[in-house]
Amino acid sequence: MAVEGSQRVAALAQRGQVRLAVTRAVPEEVPVAFTYGRQTHAVMMASPCDLEDFAVGFSLTEEIAADAGAIGGIEVVRVAEGIELRIDLRAEAAERLAARRRRLAGPVGCGLCGIESLAEAVRAVRGVGGALVLSPAEIGEALAVLAPAQRLNAETHAVHAAGFWRPGAGLLALREDVGRHNALDKLIGALARAGTGAADGAILLTSRVSVEMVQKAAIAGASVVVAVSAPTALAVRLADAAGMTLVAIARNDGFEIFTHPERIPAFPASRVSAAHVA
């Protein structure tokens, strides 16, 4: 039986001079529409799993809802074209969304236009705090449990994951999706629905770290983000400004700390030296 979010499809495999009929598990990808008050706000291509988490996380990271309690209900409606997430907001959040729509509507009704769209794309993030300190060994422990928990990726080898790891508790949550932003939104939604704060643990990412990933993690209140791939320069600047510790290029043999290294003190006997990385 295929893992949720995947399907088995037929393919022809070329192996040297031999061609074989095979089946392979591939991830599903469907359009998911987010509607508020029955008005479509956005459509994302996503894996069709953990959709309630997705609805909550997207609403939080888009700053439509201040917390999970601002969402009155979620209805997942499957239609021929994809999936509609019908999200009902409580009064205050609904008023905030209406005001935002009015503010972003251009004079000719073009929506997010010009300088407003640029400002929205690189919007400043709130500062993160927290007294979390992680040892290099704990970073290694967190990474070690990440891959075994990725059931959909183990089946398809084609999706991203976002996880939350806390010292002494281990991997508390993990979500997967064909889109890296979606996986993080799902994780943030899962944490919010469980009432779990992100300040006392590390968000783990299997993808590169773009500015949107830092923005989303900061909204969740995460003070440490650990990624297996590299960050963009803008992501580094934003993480630094937010007070976030950004760890990337994290592998079995080590990692690189790009911002706020005070949360990850070096081993007492280690020697800190400068190195140029191409």
The residue from Leu85, Leu60, Leu143, Leu112 that alone is hydrophobic (A, V, I, L, M, F, W, C), assigned by TED's automatic domain parsing to the domain that holds Arg193 and either at pLDDT 95 or above or not in a helix (DSSP H, G or I) (or both) is Leu143
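Just give me the residues in the range 146-163 being part of a strand (DSSP E or B) and touching an Asp or Glu at 6+ places or on another chain (Cβ under 7 Å), in sequence order.
Within the range 146-163, the first condition is being part of a strand (DSSP E or B), and the residues that meet it are 160-163.
Selection gives His160, Ala161.
What are the residues in the range 63-74 that are assigned to a strand (DSSP E or B) and either closer than 23 Å to His160 by Cβ or touching a Leu at 6+ places or on another chain (Cβ under 7 Å) (or both), if any? Break it down stepwise before answering.
Residues of the range 63-74 assigned to a strand (DSSP E or B): 71-74.
Within the range 63-74, Ile71, Gly72, Ile74 meet the criteria.
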What are the pairs with Cβ atoms under 7 angstrom where one residue, in the range 122-148, is over 28 Å from Ala66 (Cβ atoms) and the other, located anywhere, is assigned to a helix (DSSP H, G or I)? Sequence gap at least six, or different chains. Val133/Arg263; Leu134/Arg263
Taking only the range 166-209 into account, find how many residues are in a loop (DSSP other than H, G, I, E, B), closer than 23 Å to Phe258 by Cα, within 10 Å of the chain's Cα centre (by Cα) and in contact (Cβ under 8 Å) with a residue 60 or more places away in the chain. 1
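Would you call Leu171 at pLDDT 95 or above, within 16 Å of Leu246 (Cβ to Cβ) and in the same structural domain as Arg193 (by TED's automatic domain parsing)?
Working: at pLDDT 95 or above: yes; within 16 Å of Leu246 (Cβ to Cβ): no; in the same structural domain as Arg193 (by TED's automatic domain parsing): yes.
No.
Right, Arg180: at pLDDT 95 or above and surrounded by fewer than 24 Cβ atoms within 10 Å (Cβ to Cβ) or not?
So Arg180 fits the description; yes.
I need a count of the residues in the range 214-255 that are part of a helix (DSSP H, G or I) and within 15 Å of Phe164 (Cβ to Cβ). Lay out the reasoning, then the answer.
Taking the range 214-255 and keeping what is part of a helix (DSSP H, G or I), we get 214-220, 233-242.
Next, from what is left, pick out any that are within 15 Å of Phe164 (Cβ to Cβ): 216-220.
Result for the range 214-255: 5.
Applying the selection to the range 34-65, what residues are among the small types (Gly, Ala, Ser) and surrounded by 14 or more Cβ atoms within 10 Å (Cβ to Cβ)?
Step one: filter the range 34-65 for residues among the small types (Gly, Ala, Ser), giving 37, 42, 46-47, 55, 57, 59, 65.
Matches in the range 34-65: Ala46, Ser47, Ala55, Gly57, Ser59, Ala65.
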Mind checking which residues of the range 5-56 are outside any strand (DSSP E or B), among the small types (Gly, Ala, Ser), farther than 22 Å from Ala158 by Cα and in the same structural domain as Val77 (by TED's automatic domain parsing)? Gly37, Ala55
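If you go through the range 253-272 one residue at a time, do you hit one that is under 23 Å from Ser59 (Cβ atoms) and over 15 Å from the mean Cα position of the chain (by Cα)?
Restricting attention to the range 253-272, the residues satisfying the condition of being under 23 Å from Ser59 (Cβ atoms) are none.
Scanning the range 253-272 turns up no residue that is under 23 Å from Ser59 (Cβ atoms) and over 15 Å from the mean Cα position of the chain (by Cα).
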Among the listed residues Ala25, Ala65, Ala13, Ala80, identify the single one that is within 21 Å of Gly189 (Cα to Cα) and among the small types (Gly, Ala, Ser). Ala65
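The values are calculated or read from the model by the stated rules, or taken from the named source; none is laboratory data. Owing to the predicted nature of the structure, the values given are computational and were not obtained by experimental measurement. Neighbour counts are summed over all protein chains in view; Cβ atoms, including those assigned to glycine, are modelled from backbone coordinates with ideal geometry.
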